[in-house]
Amino acid sequence: MADPATYRPKPGEIPTSPGVYRFRDAHGRVIYVGKAKNLRARLSNYFQDVAHLHHRTQSMVTTAASVEWTVVGTEVEALALEYSWIKEYDPRFNVKYRDDKSYPYLAVTMAEEVPRAQVMRGAKRPGTRYFGPYGHAWAIRETLDLLLRVFPIRTCSAGVYRRAHQTGRPCLLGYIDKCSAPCVGRITVDDHKQLAQDFCDFMAGDTQRFERRLTARMNEAAASMEYEQAARLRDDIQALRRATEKNAVVLPDATDADIFALAGDELEAAVQVFHVRGGRIRGQRGWVVEKVEDVTDAELVEHLLQQVYGAVEDARAAAEEADLDADGRAASRRETRDAVPREVLVPVLPPDPGQMSAWLTGLRGARVELRVPQRGDKRELAATVKANAEHALALHRTRRAGDLTTRSQALREIQEALGLESAPLRIECYDISHTQGTYQSASMVVFEDGLPRKSEYRTFSVRGPEGDGARDDTAAMHEVITRRFRRYLADRLASGDVELDDSDDSDGAGAPARARPRSGEVPAEEPGERKRFAYPPNLVVVDGGPPQVAAAQRALDELGVTDVALCGLAKRLEEVWVPGEDYPVILQRSSEGLYLLQRVRDEAHRFAITQHRRRRSKGMTASVLDDVPGLGPTRRKALLSTFGSVKRLRAASVEEIAGVRGMGRRTAEAVVAALGGDGGAPDTTSGATSPAVTPDAGSAPTSHDGAAPGMLGA
């Protein structure tokens, strides 16, 4: 634990201007990002008597080793920069809103030449119109199935579309009139794009126009005594009405609003939002957040709006960078307008509603009203949203009862069992996987505060001294630990994004203290945060017994790494082995600490096997083009896309091959020479595969934890 007084800047150094500040720990990692109207007044609050601070703030300032700030021109700029830094650094002490589920959207890819309607999750793509989110994917498919009667747009994948175009036969949906079949020319590409635009307009709330159009056509068909056509149009109208009725009208038709509600206590909060477009509820989302910092409801609302609508800003920036045509750019602008409505209704106003409203107005390109509903239908709907938030929080507590306490208890038990100075907030676990010594792979998984941090998982391909793999598991473990911590030491020395204070600040025993980040002002634009191995763990766990632990300890000793604890977890009896000890540490079977170590070990095992299988699958598919000098994966793919198979490529001339994009004459001559001297080798790239030469290519991958040295794969 650091004393905040050791890195407190002089009061005169801190400006009174608005700006954004960051706290870093001793390794230079950003652990908290905040903004302030007056940087001097805000930062002085963190350096008062620690006993007077909120306990979460105490934890943050004692973990930090430096503070730095950036002055900006306006408070709106500070809001945008704060969001940008939170997204970039993912600080552990900032509030993070995590979806309580992955919500599906109905998406129409308007940027494609032939737009496609489909279910999509995850990050939004430029040039795609999104509708939702929906509670369930089946709800999207049910709605889409109804609307395909009236708007028969493409829903098939790129492969199905391409195959239908090549064969001249549409898929099943084309035969049953639920697709207009642009793949075979039943409708032109331009007409299909207009049909997709009509579908998007209907989903955006312009429903009456299409119902009136179909009603007029039905009446004309009936007057002309075309009763079958009139009956089909009648069924189409009923399909539109059924799709419309799925979203109840709750507000006047012109209302576009996002209505947020909040329910929580001192530790957690649940947030719900209803997306109302055209007076109808078009979607619903929910988040559950752990309050890792001392925040009020107003500050929670501010962070929430930053993260929800900041994603819109990211999507708009991506669309501007993407090479979109006019239709794609128009779709992106409409998507931005749909994502940021005219009204944002919140349970409490953020600390500075004016700057938040200005920021939202800049995103939408039109005025956005931010307010708390006081009366009428909007207040009643806000009460319904709050009831949903309360229900979501109760469900979350039921599912994760005691989870926060349990994680803290698990870390404390590990600390006590291994005799650590502090709880291991960052744990890294390593495992080796292979098939009888082939395709040797290793995994590194990271748990922070008892939870997996998947963005920092890493995989290793074990090389060995001769480049053909390690001789056994212990050699493989030694190599992986060496590579990981050698990279850590190099990154720490070479990092240019953190200015270190290397003054002689001794620890009282005559040894200089470790260099730490220096407090002070920094520019808004600076080199990116260290992403890979620049931060050390508090505890390294290896999947194995004494041999693997000894190999890992030897690697750490050779590199001079002395501030990282190490242990191994053997599967057979779930024993915890510590370097240099003849007997293992035994944790009770019901111990939360043992359960956490098991979770970490099992996750490393899963990740290692996944990487091993990926390498083995890739290695078991060979092509005669693989050995052509100077021919990489991109140009191999280009050749096969142009000629279709190796057989046709073998019959091509040097000039024809050199005419392929990215190919030169010298490489084309090498391709002809390699294929001409092949002696009639089978065409392994047009569908057939040849197994790589391995002792037993069909054996299951293994991941060892207690094998003796020299018994690799036994």
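Brief remarks follow.
- Candidates are the residues of the stretch 26-72 that are in a strand (DSSP E or B) and not hydrophobic (A, V, I, L, M, F, W, C); the one that is nearest to residue 290 (Cα to Cα) is 32.
- Those residues of the stretch 426-472 which are among the hydrophobic types (A, V, I, L, M, F, W, C), part of a strand (DSSP E or B) and open to solvent by less than 30 Å² (accessible area, probe 1.4 Å), in sequence order: 427, 429, 432, 442, 444, 445, 446, 447, 460
- Yes/no for residue 491 being within 18 Å of residue 65 (Cβ to Cβ) and at pLDDT 70 or above: yes
- When 472, 468 are checked against the criterion of being of a type in the set (D, E, K, R) and without any contact (Cβ under 8 Å) to a residue 60 or more places away in the chain, 468 stands alone in meeting it.
- A single entry from 635, 601, 613 fulfils the requirement of being open to solvent by less than 20 Å² (accessible area, probe 1.4 Å), part of a helix (DSSP H, G or I) and at pLDDT 80 or above: 601.
- Residues located in the stretch 344-381, provided they are part of a loop (DSSP other than H, G, I, E, B), without any contact (Cβ under 8 Å) to a residue 40 or more places away in the chain and within 21 Å of residue 263 (Cα to Cα): 372, 374, 375
- In the stretch 46-61, the residues that are at pLDDT below 85 and not hydrophobic (A, V, I, L, M, F, W, C): 48, 49, 52, 54, 55, 56, 57, 58, 59
- As a summary of the residue check, residue 263 satisfies the conditions (1) open to solvent by less than 30 Å² (accessible area, probe 1.4 Å); (2) within 30 Å of residue 304 (Cα to Cα); (3) at pLDDT below 75; (4) not β-branched (Val, Ile, Thr) except for the one numbered (3).
- Within the stretch 352-379, tally of residues that are modelled with pLDDT under 85, more than 31 Å from the chain's Cα centre (by Cα) and hydrophobic (A, V, I, L, M, F, W, C): 0
- Filtered residue count, the stretch 218-242, keeping only those that are part of a helix (DSSP H, G or I) and more than 48 Å from the chain's Cα centre (by Cα): 11
- Residue list for the stretch 1-24, filter: free of Cβ contacts under 8 Å to residues at least 60 places away in the same chain, of a type outside the set (Gly, Ala, Ser) and surrounded by 14 or more Cβ atoms within 10 Å (Cβ to Cβ): 14, 21
The values are calculated or read from the model by the stated rules, or taken from the named source; none is laboratory data. Just so you know, these numbers come straight off a predicted model, no measurement behind them. For neighbour counting, all protein chains shown are included, and Cβ atoms are generated from backbone atoms with ideal geometry for every residue, glycine included. Side chains are part of the model used for accessible areas, which takes the heavy atoms of the whole protein and leaves out ligands, DNA and RNA. Shrake-Rupley method; radii C 1.70, N 1.55, O 1.52, S 1.80 Å.
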